[in-house]
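Working notes, structure below.
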Amino acid sequence: MNLNFLDFEQPIAELEAKIEELRYVSTDKDINISDEIARLQIKSQELTRSIFTNLTAWQVSQLARHPQRPYLLDYIPRIFTHFEELHGDRMFGDDPAMVGGLARLEGRPVVVIGQQKGRDLKEKLQRNFGMPRPEGYRKAMRLMNMAERFHLPLLTFIDTPGAYPGVDAEERGQSEAIARNLYIMSTLRTPIICTVIGEGGSGGALAIGVGDRICMLEYSTYSVISPEGCASILWKNADKASEAAEAMNMTSQRLKELELIDTIIPEPLGGAHRDLDTTTKNLSSALLEHLTFLDKVSMEDLLQMRYQRLMKVGYFEET
Amino acid sequence: MSWFEKLLPSRIRTDGKKTKHTVPEGLWNKCPVCQTVLYRAELERNFQVCPKCSHHLRLSARQRLESFLDPEPREELGINLAPQDRLKFRDSKKYKDRLLHAQKATGEKDALVAFKGQVLGLPLVACAFEFEFMGGSMGAVVGERFVRATNTAIDHHLPLVCFTASGGARMQEALLALMQMAKTSAALNRLNQHRLPFISVLTDPTMGGVSASLAMLGDINIAEPNALIGFAGPRVIEQTVRETLPEGFQRSEFLLKHGVVDIIVDRREMRQKMVSLLTILTRQPPPENLGLSRLTHQVTAENNQ
């Protein structure tokens, strides 16, 4: 079993392994089996397509947290040029779980903010698995204010299991740090585009998620709590995570139907991790498209639209 | 039922049922901290604060506003709003059934109650979370009522006060509930643009999404003594960091020490304190000069002794 593949990806993994094996054989013995390889490759694509057309919410939530899934720092050098990472909240410290800085998108100056998980164990620990502490949110806030001051569009990228639940985080006011960002973003005088690129976990995600356009990569998720957390609270059993994932409507498709997000950015067959270049291309063209549109909107209209968008969230009966 | 209650003839016992459902049945209550047995009527007169150890017992939203606001004038806000199960959410129970059960148990339609009224003659808008309604969780109705309370404050140029008691966002409304954090915070920003004060009173318990939005955004954050206040629940933190949490962690006094709340105020002094703060923030004469002495609220007299 290949640990870099999820359980439902295993048939694909096996087929790919077979193709690799054949390639090895073919170079070795000069026998022409390229037909066979081509046939298997088509089969592999068909298999992937059939698996990926009927993904359950639980499978999507696994893809969103796939060990191979691209993180923000994988995208930044591919989408932006002149990226200058900026550090620190000027109050307590610098949080590696939250990355931010100045960059150019097709030459255009922007401010970039987002959570960063770690790839290997060492980086995971350093980045605290993408769970920011208050200083991370306050660094983000500092960059938001900078974006407003210098009229730079703000692009945020969400990928976090949630805000860090730790003693030090509570001591330094985790709640206040998140609340303050929600407050500030609601009236920040610059266009804001938020994109969920992996896991949109609860308040820790929303704290950089209030904007004029909310996008999601196709196989990312956005929810009020992790499926495991929801299952252990409501079902009193963490094994019910797949049911919880379904009930919470956390996939891009469902959230688009609920009009909570504007755009689903398509991922290549098999998910973002299978073809980073295509994902990057889709991501940056979506960002550019939204940015070009938002440019035409006056600041007063933009803020009014952002406010109205927030006010209409939620369903209730009124008699 | 305690042995004493068993001794009471049944017709005396049933008398209790006519009063508020949120008040525990029976004539006697035990303070959960000092274990003193307290006469319920006395406890009620004392704002549900134990007269022996000053422990603040939980209050229902209506009890809270009942004791906070002057009896007249009062206007309840957003009464015609009721929750809707758009997602058809179902865990071990249907959300719809949970709602019906909570509505029956609390007599409220949802977990926030809001009023336009007065405190010691000072007009304001006040709202309170009903913790007994699905853990005071914030869904669309809570968010909408909060926004309407805020808008009423803006329309009438009044300060806003909110008493929070909540476990956070309501999971059964999923991301729609999470978004209420942004909605309420945006409304408070608008209140701020009109230079109207918002005083947030954090009561036991204020956690999760409610703590990480409206509750922390007060111009002044007040906590009731010994209330549990934080983002992540103590059990979650314990599981994450794998160590036992320090004594008093996430309690009001801890938050005061760490600079998260401004003041800890005893519930019995809340009205006076609120008026004193709000008259300064709105640059009005001190309460004693405001002609606010038609303060005939029963408990006020007691507290002034």
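Since every read-out is calculated from the coordinates, none of them should be taken as a lab result. Not measured: the values here are computed from a predicted model. Neighbour counts are summed over all protein chains in view; Cβ atoms, including those assigned to glycine, are modelled from backbone coordinates with ideal geometry.
In whole Å, what is the distance between the alpha-carbon centres of segment A:241-260 and segment A:148-216? Segment A:241-260 and segment A:148-216 have Cα centres spaced 20 Å from each other. Segment A:188-270 has equivalent-ellipsoid semi-axes of 24, 15, 10 Å, by the square roots of 5 times the alpha carbon gyration tensor eigenvalues, sorted largest first. Seen through its C-alpha gyration tensor, with square-root eigenvalues sorted a ≥ b ≥ c, the protein assembly as shown comes out prolate because a/c lies at 1.5 or above while a/b is bigger than b/c.
Starting from the Kirkwood radius over alpha-carbon pairs of segment A:81-156, derive D by Stokes-Einstein at 4 °C in a medium of 1.567 mPa s and give it in µm² s⁻¹.
On the way: Rh = 12.6 Å.
The diffusion coefficient I find is 103 µm²/s.
The longest stretch of chain B left intact once loop-based GluC sites (Glu not before Pro) with at most 16 other Cβ atoms within 10 Å are removed from consideration, loops following DSSP, is B:26-242.
By the beta-carbon count within 10 Å of each Cβ, the least crowded to most crowded order of B:Ser276, A:Ser232, B:Ser200, B:Ser166, fewest first, is B:Ser276, A:Ser232, B:Ser200, B:Ser166. Note on chain B: with a GNM built from Cα contacts shorter than 10 Å, the maximum mean-square fluctuation among B:Val37, B:Val210, B:Val241 falls on B:Val241.
Mean sequence separation of contacting Cα pairs (under 8 Å, at least six apart), scaled by the length of segment B:163-299, corresponds to a relative contact order of 20 percent.
Among the trypsin sites (Lys or Arg not before Pro) within segment A:134-235, which fall in a DSSP loop and have no more than 12 other Cβ atoms within 10 Å of their own Cβ? Please list the in-between numbers first.
Values: sites: A:Arg138, A:Lys139, A:Arg142, A:Arg149, A:Arg172, A:Arg180, A:Arg189, A:Arg213; in loops: A:Arg172, A:Arg189.
Those satisfying the criteria are A:Arg189.
Here is how the number arises for chain B: DSSP H runs of 4 or more residues each give -39500 (n - 2.57), the sum is divided by the residue count, and the result at 222 nm is -10000 deg cm²/dmol. Relative contact order, whole percent, for chain A stands at 15, derived from Cα pairs under 8 Å and 6 or more residues apart.
Using square roots of five times the C-alpha gyration tensor eigenvalues, list the equivalent-ellipsoid semi-axes of segment A:1-159 in whole Å, biggest first.
On the way: eigenvalues 343, 66, 46 Å².
Over the Cα atoms of segment A:1-159, the semi-axes work out to 41, 18, 15 Å.
Using bins of 20 Å that start at zero, the share of Cα-Cα pairs per bin across chain A amounts to 31, 54, 14, 1, in whole %.
Straight-line cross-link reach from A:Lys312 at under 20 Å between alpha-carbon atoms covers these aspartates and glutamates, not counting any fewer than eight positions away in the same chain: A:Asp212, A:Glu257, A:Glu259, A:Asp262, A:Glu300, A:Asp301, B:Asp85, B:Asp110, B:Glu144, B:Asp155, B:Glu173.
In segment B:24-58, which chymotrypsin sites (Phe, Trp or Tyr not before Pro) are in a loop and have at most 12 other Cβ atoms within 10 Å, using DSSP for the loop call?
Values: sites: B:Trp28, B:Tyr39, B:Phe47; in loops: B:Phe47.
Taking segment B:24-58 and a limit of 12 other Cβ atoms within 10 Å, no loop chymotrypsin sites (Phe, Trp or Tyr not before Pro) are found.
I'd like the trypsin sites (Lys or Arg not before Pro) in segment A:1-110 restricted to DSSP loop residues with at most 11 other Cβ atoms within 10 Å, sorted by number. Spell out each step's value before the answer.
Details: sites: A:Lys18, A:Arg23, A:Lys29, A:Arg39, A:Lys43, A:Arg49, A:Arg65, A:Arg78, A:Arg90, A:Arg104; in loops: A:Arg65, A:Arg90.
In loop regions of segment A:1-110 (DSSP not H, G, I, E or B), the sparsely surrounded trypsin sites (Lys or Arg not before Pro) are A:Arg90.
Comparing B:Pro71, B:Pro286, B:Pro246, which has the greatest mean-square fluctuation in the GNM of chain B with Cα pairs linked when under 10 Å apart? Taking springs between Cα atoms under 10 Å, the residue moving most is B:Pro246.
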